[in-house]
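The values are calculated or read from the model by the stated rules, or taken from the named source; none is laboratory data. Computed from a prediction, not measured in an experiment: that's the story for all the values here. Glycine also receives a Cβ, built like all others from the backbone with ideal geometry; neighbour counts cover every protein chain displayed. Protein only, heavy atoms only, side chains kept; ligands, DNA and RNA dropped before computing areas. Shrake-Rupley method; radii C 1.70, N 1.55, O 1.52, S 1.80 Å.
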Amino acid sequence: MGFLWTIAELLVALVFIIASFLLTAVVSEAYRRRHNNTHVDAPDFFEDPNSLKQVPCPHIHDPAEKYISLVIPAFNEEHRLPGALDETINYLQERAAKDKSFTYEVVIVDDGSADATKRVAFDFVKKYTVDNVRVILLGRNHGKGEAIRKGMLHSRGELLLMLDADGATKVTDLEKLENQIHAVARKEFHLGDSTSSDSSFRISDIPLAAFGSRAHLEEKALATRKWYRNFLMKGFHLVVLLTAGSGIRDTQCGFKMFTRAAARKLFTNIRLKRWCFDVELVFLCKWFGIPVIEISVNWTEIPGSKVNPLSIPNMLWELALMSMGYRTRMWKICS
């Protein structure tokens, strides 16, 4: 019996040591990242491969010059990017042809790709001009969150949409998010069906966000996924609920739209660089009181996903850092 007690005491001591080590590591890393919202230095210019001239790089604090910006993070996407860009730009051109007030840009952020992603992206700049398609090169891989943040901070749109390079969500679904943002903005601004009744109304000035959601597909996905993937998904959702709170059923869908005012507040504060930056966006929206509309979108599983079971520990690590950083006020939020 004494032997069993000794084993139990050793196990308790071991658990205590491991827990203490993890807590120390989380506190230390959260403290180290307290100024991490500065992130990667921005390029001063965009490259124009047609004229070989340098185009000044805008900033989120500048006035909007386009109606909408589409930000596409790309890491080793030479095969999937061309199809997604063709579909996206064709749609944008069709809308622009019908509505002269509809102006757009596509900002591709190459997150340190080792393949021909850079060449593919600049081929589209050559084809559609640097005014409509722009490329930001991060040099080395920083993570999807950093790539999107960089694109958002240096876009020109009144509305800013983040979408994945694989084309899993149809670009036409942006109209669902766009229409809901306008509807909520009119309600907040106490306008009728048309914004023309008030010349001071600018959609870019009202902080709003619209998140694409695949939650309506969850029942079907649960039936087709393997049991351990469902277990991991449910566990991750529980951790997200504890970290960022309730209200958003699908935090990880890569199809999100922000007004310029919302993007300015969110992306100048975000610190997480990889997969869990979406959860941080939810947290910051709640902190700033930015209304978030969750809207069902069409979504298709595309081969080549970079998320795998090994991503789960990294996600949990980032969520722990976020919780520690904000709850202890080590991570200051600038308004």
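Tabulated values for the structure
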quantity: N298 paired with R119, simple spin-label distance in nm, labels 7 Å along Cα-to-beta-carbon; calculated: 3.3
quantity: Probe 1.4 Å, protein heavy atoms only - accessible area per residue of the stretch 129-174 in square angstrom; calculated: 23
quantity: Virtual spin-label span in nm between A96 and K127, 7 Å along Cα→Cβ; calculated: 1.4
quantity: Fully extended contour minus Cα-Cα distance, from C57 to F288, at 0.36 nm per residue; calculated: 80.4 nm
quantity: Length gained when the stretch L10-L22 is fully extended (0.36 nm per residue, less Cα-Cα span); calculated: 2.5 nm
quantity: Local net charge near C276, Cβ-Cβ under 11 Å (Lys/Arg +1, Asp/Glu -1); calculated: +1
quantity: Nearest-10 value in Å² for the accessible area of W299, using the 1.4 Å probe; calculated: 90
quantity: Only Lys, Arg (+1) and Asp, Glu (-1) charged, at Cβ; the stretch 62-198 dipole about Cα centre in debye; calculated: 200
quantity: Cross-link pairs beyond the 26 Å C-alpha cut-off, checked among K98/K170; K187/K273; K98/K118; K176/K273; K126/K150; K66/K332; calculated: K187/K273; K98/K118; K176/K273; K66/K332
quantity: F283 accessible area, assembled protein chains, probe 1.4 Å, Å²; calculated: 40
quantity: Sequence-distant residues sharing a close amide H with V109 (under 5 Å, placed H); calculated: I72, A74, I136
quantity: Pair F45, H79: separation of 7 Å Cα→Cβ label points (nm); calculated: 3.6
quantity: Accessible surface of K273 - all protein chains present, 1.4 Å probe, nearest 10 Å²; calculated: 40
quantity: Dipole magnitude of the stretch 42-87, debye to nearest 20 (Cβ charges: Lys/Arg +1, Asp/Glu -1, about Cα centre); calculated: 60
